[in-house]
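One structure is given here, and the rest of the page talks about it.
The values are calculated or read from the model by the stated rules, or taken from the named source; none is laboratory data. Remember, it's a predicted structure, so these values are computed and weren't measured experimentally. Heads up, the Cβs are rebuilt from the backbone with ideal geometry, glycines too, and the neighbour counts pull from every protein chain shown. Note: areas computed on protein heavy atoms with side chains; ligands, DNA, RNA excluded. Shrake-Rupley method; radii C 1.70, N 1.55, O 1.52, S 1.80 Å.
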Amino acid sequence: MARGTRADGGVRSLDALYAAKEIVVACGSGGVGKTTTAAATAAMAAVHHGGRVLVVTVDPARRLADALGIGGFGNEARQVPPAAFAAAGVEPRGELWAAMLDARQSWDALVRRHAPDVQTQRRILENPLYQNIAGKFVQSHDYIAMERLYELHTEGRYDLIVVDTPPTRNAVDFIEAPARMAEFFSSRLLRLLIVPYRSRVVNLASRPFYQVADRILGSQFLSDIAEFFILFQTMYSGFVARARAVERLLHDKRTTFVVVSTLEAAPAHEAEFFLQVLRSKRFHVGALVLNRVLPPYLLDPDGGAAASRLVAGTTDIARRLAPLLDADEPSVERILTEVGEAYRNLRVVAKAEAAEREELAAVPDVVATAPELDADIHDLAGLLRLGMLIWN
Amino acid sequence: MVDLLDRRLIFVTGKGGVGKTTVAAALAALAAGRGRRTLVCEIDAKGNMADFFETAPTQFEERPIAPNLWAMSMDTEASLRQYLALQLHLPVLAAIGPLARMFDFVASAAPGVREIVTVGKLCWEVRERHYDTVVVDASASGHIVSQLSAPQAINQLVQVGLVRQQTGWMLDILGDPATTGLVAVATPDEMPVSETLELVGRVRAETNVDLAAVVVNRVLPELFSRSEEALFGRLEEPSATATLDAELASPSRPLLDAARLMVTTRRSRTEHLERLRAGTDPAVPLLYVPYLFIRSHGLRATHQVADALAAELGY
């Protein structure tokens, strides 16, 4: 039986979870350490499980590239040099690779794959609307992230892919993106919109509609839109089939979702919502990773009482401590007050965190907790330190 | 530099999780408290602005929630309908369903359309002088640039038509630093600071909106001066700790560890604060909001942040 696996087959550590899956999707609201968690756990998998592990990030964080010792990476995956592991004092059983999601490049690749001919391909790539969608807009990243995951998976080059999802306010955006994309291209409205431009015979039923649209937006814009959709329609079947395949992959047994959060109120509520949505849509929720959690000693009942006694008795205590510390009483008194207050202040936050933890009702079997790390993570050793804290 | 609250349209943005909505709510509360008729608008329909004022969920129709303070949330479709009726004089058509669906569709494909309807509504409230101050809990930093540059984007995409004619006055309002300002919210952490600096650069390059202030939220207190820290170090030594344990009749280690945690955490963030300061135009005020050691995220927290901002602004 694999380490961390229960008698009933349930998994109770990230170690066991990552050993059993081929795709791990890390999700959670922004600013909770999602990218770092994805990279740290991927590194742990490369070290302990072996094989070829890929971490795909959407975060163009220079620091992560630096931490991985690859000084910048793009849509093409790059291997983290073994020297980076050696510098961290470990000998990995497998390889760690990293790729960043470049939405524009990925869209272009998608168009090249699905466009029926070179001319259509060129016209799509040059269409102003396409350029706007592919380059600038956050929503289009949702789909492309999942699409890229599918592509990487079907290439069959990796044993495990850990993907960091785009920061969306709405938790369900990216998991619904493939379905929405399919719906978008099969929409009846789309066909209605492009009929007159295709046939050059204005459909009577749509005429008033066009008059209004024309008046508001101008016909050049409308024809840009129409051209875009007509061109995109040539890729319709390829796109829809692809979107469905992406969706199937996300539901596959080999795929799991790891929700990352902190115990601050807003991210924790978002995490709870995430957990619910993922479950109701029958995705496999493998683990909850809680980052930057305050240490348990702040919740110790004796600690609270001691802090109160300290704050109440600073004058007396300072008198006794001052000679020992070779300092004047008022200075010692001030230090003691600050110490007592710091404990009380942090205790309030720790209690709020504990309450948030309690409120996370239905949590997955694996819940891993990491403290606030003193320093930012600057190298692979730092990533592995975080990884160690949550791995078992 | 124009005083922050003298601006009539204030967009508040920041990376997710830094307290953008708290700061927007606090600025609105502060403006209203200083006697200005204030509208606070949240762009994200799934937002929780209402929680910060402990009021019912906001809707597109603005609603009074406190003296001098009105709240609304953006709804692009409702905004379009209002826009068509008021600006384009299309009252009959404005209500029809297919147009709304067509809009939704075009908006999905043609970025800039949804954004301009959003920004347009806010600019319109300012132009019509319905309020003295409009505070916007805007999109997170990833998306704000597309929103603020929507009029330019539309100008590029749409060559003629009524929409095109509407962009001129919006650009005038957005581009006037005496009227409009952007507030970027960050925490003194690595990623929020990097993202804020990147945002500031993009706002300057891609929009004509003036950066009015950078708010640094959740700044931890400095417990000790340098000499006091040396003294605290001596207190952490076993002989002193033993005496303290005896005085408290309980282990003092957790207390000392907590203070040490506060000191090291604050120190680890100093470099990010320095980076933020160095990377921000010296003319742009940096406003510090202390970390609030309270449980509440409601009205009480909003008022405390408002007080902190008032102090920083010299009120």
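Here the range A:78-92 is the region considered, the condition is being open to solvent by 20 Å² or more (accessible area, probe 1.4 Å) and either assigned to a loop (DSSP other than H, G, I, E, B) or modelled with pLDDT under 85 (or both), and the residue that is nearest to A:A46 (Cα to Cα) is A:P92.
Among the residues of the range B:165-203, those that are open to solvent by 40 Å² or more (accessible area, probe 1.4 Å) and modelled with pLDDT of 90 or more comprise B:D172, B:D176, B:P177, B:A178, B:L197, B:E198, B:R202.
Would you confirm, using the coordinates I've provided, whether A:A39 is of a type in the set (G, A, S) and within 14 Å of chain B (Cβ to nearest Cβ)? It is true that A:A39 is of a type in the set (G, A, S) and within 14 Å of chain B (Cβ to nearest Cβ). Within the range B:276-300, being within 14 Å of chain A (Cβ to nearest Cβ) and either closer than 17 Å to B:P221 by Cβ or at pLDDT 95 or above (or both) holds for B:P290, B:Y291, B:L292, B:F293, B:I294.
Quickly run through the range A:286-311 and pick out the residues that are surrounded by fewer than 22 Cβ atoms within 10 Å (Cβ to Cβ) and of a type in the set (A, V, I, L, M, F, W, C). Selection gives A:V293, A:L294, A:L299, A:A305, A:V311.
Scan (1) at pLDDT 85 or above; (2) open to solvent by 20 Å² or more (accessible area, probe 1.4 Å) for the single condition B:A138 breaks and write down its number. The one condition B:A138 does not meet is (2).
When only residues in the range B:197-213 that are away from every other protein chain (no Cβ under 13 Å) and of a type in the set (D, E, K, R) count, which is nearest to B:E128 (Cα to Cα)? Filtering first and then ranking leaves B:D210. Of everything listed in (1) open to solvent by 10 Å² or more (accessible area, probe 1.4 Å); (2) under 30 Å from B:V18 (Cα atoms); (3) modelled with pLDDT of 80 or more, the single unmet condition for A:N75 is (3). For the range A:115-129, the set of residues classified as open to solvent by 20 Å² or more (accessible area, probe 1.4 Å) and touching a Ser or Thr at 6+ places or on another chain (Cβ under 8 Å) consists of A:P116 only. Per the listing A:R319, A:R254, A:R242, the residue uniquely open to solvent by 70 Å² or more (accessible area, probe 1.4 Å) and either within 14 Å of chain B (Cβ to nearest Cβ) or more than 22 Å from A:A38 (Cα to Cα) (or both) is A:R319. In the set A:L290, A:L310, A:L346, only one residue is within 7 Å of chain B (Cβ to nearest Cβ), closer than 28 Å to A:V32 by Cβ and at pLDDT 95 or above; that residue is A:L346.
A quick yes/no check of all residues on (1) surrounded by fewer than 16 Cβ atoms within 10 Å (Cβ to Cβ); (2) of a type in the set (S, T, N, Q); (3) at positive phi:
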{"site": "B:R266", "(1), (2), (3)": "no, no, no"}
{"site": "B:R277", "(1), (2), (3)": "yes, no, no"}
{"site": "B:D281", "(1), (2), (3)": "yes, no, no"}
{"site": "B:I294", "(1), (2), (3)": "yes, no, no"}
{"site": "B:H297", "(1), (2), (3)": "no, no, no"}
{"site": "B:Q304", "(1), (2), (3)": "no, yes, no"}
{"site": "B:L309", "(1), (2), (3)": "no, no, no"}
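Listed by position, the helices (runs of 4 or more DSSP H) contained in the range B:149-243 that have at least 2 residues being without any contact (Cβ under 8 Å) to a residue 12 or more places away in the chain and among the polar types (S, T, N, Q) form an empty set. Looking across the range A:312-340, the residues that are out of contact with any Phe, Trp or Tyr (no Cβ under 9 Å at 6 or more places or on another chain) and closer than 14 Å to B:A259 by Cβ come down to A:T314, A:V332, A:L336, A:T337, A:G340. Give me the residue from the range B:270-288 that is in contact (Cβ under 8 Å) with a residue 60 or more places away in the chain and assigned to a loop (DSSP other than H, G, I, E, B) and, out of that set, nearest to B:P192 (Cα to Cα). Among them, the one singled out is B:T280. Consider the range A:20-39 and keep the residues that are under 20 Å from A:L250 (Cβ atoms) and open to solvent by 10 Å² or more (accessible area, probe 1.4 Å). The one that is farthest from the chain's Cα centre (by Cα) is A:A20. Residues that are within 19 Å of A:T41 (Cα to Cα) and of a type in the set (D, E, K, R) do occur in the range A:93-103, at least one of them. Applying the criterion of being closer than 29 Å to A:A83 by Cα, free of Cβ contacts under 8 Å to residues at least 24 places away in the same chain and of a type in the set (D, E, K, R) to the residues of the range A:350-392, the residue that is farthest from the other protein chains (Cβ to nearest Cβ) is A:R385.
Considering the range B:1-84, the qualifying strands (runs of 3 or more DSSP E), each wholly inside and each with 3 or more residues that are crowded, with 20+ Cβ neighbours inside 10 Å and away from every other protein chain (no Cβ under 14 Å), run over B:9-14, B:38-42, B:69-73.
When you look at A:E272, is it within 10 Å of another protein chain (Cβ to nearest Cβ), in contact (Cβ under 8 Å) with a residue 12 or more places away in the chain and either open to solvent by 50 Å² or more (accessible area, probe 1.4 Å) or closer than 30 Å to A:A19 by Cβ (or both), yes or no? For A:E272, the condition - within 10 Å of another protein chain (Cβ to nearest Cβ), in contact (Cβ under 8 Å) with a residue 12 or more places away in the chain and either open to solvent by 50 Å² or more (accessible area, probe 1.4 Å) or closer than 30 Å to A:A19 by Cβ (or both) - is not met. If only residues of the range A:250-278 that are assigned to a helix (DSSP H, G or I) and in contact with a Pro (Cβ under 9 Å, 6 or more places away or on another chain) are counted, the one that is nearest to A:Y143 (Cα to Cα) is A:L250. Counting the residues of the range B:163-196 that are within 12 Å of chain A (Cβ to nearest Cβ) and hydrophobic (A, V, I, L, M, F, W, C) gives 5.
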